[in-house]
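Note sheet for the following structure.
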Amino acid sequence: FQIFLMDFVDAGEEPLLSEVGFMWTITLGSVPVVLGALASPLVFAKISAAAGCVLGNLVTALGIVVCYFISSIEPPTKATLIWFMTLLYCFLPFAVLSQLSTGPMLDRLAPAHRRGFVQGINMSVMMATNAIAPWIFGIEADQVGIAATLLTTVFVSLLAAVANTPLIFVPALGAKSSPPDGSNHTPSESTLICDNDSDCDSVYTSGSQQ
């Protein structure tokens, strides 16, 4: 938006994207966010929340690179603006997918009587991050430029994907496993049972009890 709006304003030219248009892009950005939220339960049920988190972060990193490449084409035109907005909205649901994956994973691992507490911590961390990260990235953009700042966000997304990859192989976080509420569990299931604090150290793997 610096390229399509502010650079033109600073040069005293008519921008490709007006201030009203910019506000509309933010408003319409809620549409892919809602689509991502609606799709996330289906994705988690199919490939697991952990795999959805990894997928979301990888596609988000790719989306940042692609959108930056489109916006850096000189000179900026209405065609590049349309491509930028279209691709941005296509990649946004994947960012939502990665953000919404932590809740379902925590529900499967937390003791049933402590889920509210655990989810409260989860939401507090997310809200604190959302409050601080834009400020930090804004300062970085002022100091080293937009390109370097976007490269940082790509690195963060890739780091998140790598950090969450081992969770794909945790039996309790599998797509077909049930939440740890004490139901639908047998000693032969590959899942973690956490009905009580004392149970959280017990992992039942298929065939291990036979």
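The values are calculated or read from the model by the stated rules, or taken from the named source; none is laboratory data. Quick caveat: nothing in here was measured; it's all calculated off a predicted structure. Methodologically, a virtual Cβ is constructed for each residue, glycine included, from the backbone with ideal geometry; neighbour enumeration extends over all protein chains shown. Note: areas computed on protein heavy atoms with side chains; ligands, DNA, RNA excluded. Shrake-Rupley method; radii C 1.70, N 1.55, O 1.52, S 1.80 Å.
Structure above, values below:
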| quantity | calculated |
| --- | --- |
| Given (1) among the polar types (S, T, N, Q); (2) farther than 23 Å from L159 by Cβ; (3) surrounded by fewer than 19 Cβ atoms within 10 Å (Cβ to Cβ), number of the condition S71 does not satisfy | (3) |
| Verdict on I168 being within 18 Å of P41 (Cα to Cα), of a type in the set (V, I, T) and open to solvent by 40 Å² or more (accessible area, probe 1.4 Å) | yes |
| Selection within region 16-46 - β-branched (V, I, T) and touching a residue at least 60 places away in the same chain (Cβ under 8 Å) | T25, V33 |
| Only one of V31, V54 that is within 24 Å of the chain's Cα centre (by Cα), among the β-branched types (V, I, T), open to solvent by 30 Å² or more (accessible area, probe 1.4 Å) and closer than 25 Å to L100 by Cβ | V31 |
| Those residues of region 92-112 which are under 14 Å from I64 (Cβ atoms) and open to solvent by 40 Å² or more (accessible area, probe 1.4 Å), in sequence order | L92, F94 |
| Residue within region 144-163 that is out of contact with any helix residue (DSSP H, G or I) (no Cβ under 7 Å at 6 or more places or on another chain) and on the phi > 0 side of the Ramachandran plot present | yes |
| Any hit, region 123-137, residues being of a type outside the set (G, A, S) and within 22 Å of K46 (Cα to Cα) | no |
